[in-house]
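Chemist: Have a look at the structure that comes next, please.
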Amino acid sequence: MYKNLIHKHVVITGGAQGLGLAMARHFASLQNHVYLLDIHPPQGKLSDNISYLQCDVTNRHQVTQISDTIAHVDILINNAGILRDASVFKMTDEQFAQVVDVHMKGTFLMTQIFAAKMKDAKSGNIINLSSVASQGNFGQTNYAGAKAGIIGMTKTWALELSRYNIRVNAIAPGLIETDMTASIPTEIRNTMIAKIPCQRMGQPSEIAHLAAFLASDDASYIQGQVIHINGGYYC
Ligand code: NAP
């Protein structure tokens with residue numbers, strides 16, 4: 001179905017639910033082995049080719065320990081995320097730091113440690129989850145800043161890691177139906193949906209298909225790009 005996307009070792013952070021779990025299931029259905037890294041385990045049964053590993057991506061010690069248990073990685077998807085929304089006047093230092101930590105430091109640590117394995121293997125593929133909110137979004141100073149930062153890191157790593165045959169790209173989803181967006185009050189969510197040209201939220205499976213395409217050799221000349229998947233909606 002996708003070129004050279006079989007029997008790969010795929011690491012997905014924040015994979016216990018939502019987009020991470022949808023991507024894990026899709027990659028596993030294509031006969032790849034998936035390692036799900038998350039603070040808490042996924043609910044429900046996983047297929048035999050999905051392994052759960054407890055890991056806080058903001059903790060260098062834990063990420064290093066996990067990387068020691070995974071001998072080889074072909075694809076890394078930096079997907080773990082949290083929201084701590086507040087207007088600029090109300091946002092606390094803690095809310096700001098927590099979001100920047102998970103999205104930016106987590107993505108940095110995972111990439112630094114796992115890209116070293118890819119460098120040795122002279123092959124690899126990294127996909128970072130940004131967001132439509134990287135262009136600015138009401139009440140999301142911390143999240144918008146972190147997601148814009150992820151774009152900067154993606155483009156930097158594309159420059160630095162290309163020579164090792166490692167591709168680095170970002171996916172910037174719009175409003176996708178997951179637990180994260182279920183936490184948005186219904187009235188606000190409906191207002192957001194009304195602004196989407198496709199007139200609906202996206203489905204996690206639609207992100208999973210894009211991730212699989214980007215991770216495959218069908219996308220072999222796509223490097224350092226941000227792929228928007230948002231039903232036509234921009235903040
Ligand atoms: P989600 O349902 O909230 O899943 C995120 C997962 O990451 C949760 O299982 C969460 O655990 C885990 N996580 C949080 N902090 C972590 C840490 N320090 N270490 C390891 N795992 C951690 O979110 P989602 O909607 O699937 O979103 C996935 C990614 O796409 C995020 O980066 C998000 O910002 C991005 N995104 C989503 C949308 C959307 O509409 N859904 C749009 C644009 C971008 P807890 O539940 O314990 O926090």
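The values are calculated or read from the model by the stated rules, or taken from the named source; none is laboratory data. The structure presented is a predicted model; accordingly, all values stated were derived computationally and were not measured. Glycine gets a Cβ as well: all are built from the backbone with ideal geometry, and neighbour counts include every protein chain shown. The accessibility values were calculated without ligands, DNA or RNA, using every heavy atom of the protein model including side chains. Shrake-Rupley method; radii C 1.70, N 1.55, O 1.52, S 1.80 Å.
Chemist: Sequence-distant or interchain residues sharing an amide H contact under 5 Å with L37, placed H: which?
Modeler: Amide H neighbours of L37, under 5 Å, 5+ apart: I12, T13, G14, G15, L53.
Chemist: In addition: With 19 Å as the limit, write out which pairs from K8/K119; K122/K147; K3/K155 have Cα-Cα distances beyond it, or answer none.
Modeler: Over 19 Å apart, Cα to Cα: K122/K147; K3/K155.
Chemist: Let me ask something else. Which residue fluctuates the most in the chain, going by a Gaussian network model with Cα springs under 10 Å, if the choices are A146, A80, A219?
Modeler: Of A146, A80, A219, the most mobile in the Gaussian network model is A219.
Chemist: Ok, one more. So which residue, out of K147, K155, K195, gets the largest mean-square fluctuation from a GNM of the chain using Cα contacts under 10 Å as springs?
Modeler: With Cα springs under 10 Å in the chain, the top fluctuation among K147, K155, K195 is at K195.
Chemist: Still on this structure: Kindly provide the helix-only [θ] at 222 nm of the chain, computed as the sum of -39,500 (n - 2.57) over DSSP H runs of four or more divided by all residues, to the nearest 500 deg cm²/dmol?
Modeler: -12000 deg cm²/dmol
Chemist: Can you give the longest run of the chain that contains no chymotrypsin sites (Phe, Trp or Tyr not before Pro) sitting in a DSSP loop with at most 14 other Cβ atoms inside 10 Å?
Modeler: Answer from the scan: 1-88.
Chemist: With the dipole of the chain worked out from charges on the C-beta (+1 for Lys and Arg, -1 for Asp and Glu) around the Cα centre, which of V34, I82, H209 lies farthest toward the positive end?
Modeler: H209
Chemist: Averaged per residue, what accessible area in Å² does the range 26-152 show with a 1.4 Å probe, protein chains only?
Modeler: On a per-residue basis, the range 26-152 sits at 46 Å².
Chemist: About the Cα centre of the range 36-155, what is the dipole size in debye to 20, counting +1 per Lys and Arg Cβ and -1 per Asp and Glu Cβ, all else neutral?
Modeler: Working: 10 positive and 10 negative charges, 63 e Å.
Approximately 300 debye in magnitude.
Chemist: What is the distance in Å between the Cα centres of the range 166-235 and the range 1-66?
Modeler: 19 Å
Chemist: Still on this model: Express the carbon and sulfur contribution to the solvent-accessible surface of the chain as a percent, rounded to the nearest whole number, probe 1.4 angstrom. The partial results should precede the final answer.
Modeler: Values: 6080 of 11230 Å².
On the chain, the fraction of accessible area on carbon and sulfur atoms equals 54 percent.
Chemist: Note the angle between two axes, namely the Cα long axis of helix 18-29 and the longest principal axis of the Cα atoms of the chain, as a number of degrees from 0 to 90, rounded to the nearest 10.
Modeler: 30 degrees
Chemist: If you place +1 on the Cβ of every Lys and Arg and -1 on the Cβ of every Asp and Glu, how big does the dipole about the Cα centre of the range 9-220 come out, in debye to the nearest 20?
Modeler: Numbers: 16 positive and 17 negative charges, 71 e Å.
Roughly 340 debye for the range 9-220.
Chemist: Here's a follow-up. Please check: in the Gaussian network model of the chain (C-alpha springs, under 10 Å), which one of S183, S220, S162 has the largest mean-square fluctuation.
Modeler: Of the options given, S183 has the highest mean-square fluctuation.
Chemist: Do you know the relative contact order of the range 9-220, to the nearest whole percent, from alpha carbon pairs under 8 angstrom that are 6+ apart?
Modeler: After rounding, I find 21 percent.
Chemist: Explain nothing, just the number: relative contact order of the range 114-234, from Cα pairs under 8 Å at least 6 residues apart, as a whole percent.
Modeler: Relative contact order, the range 114-234: 32 percent.
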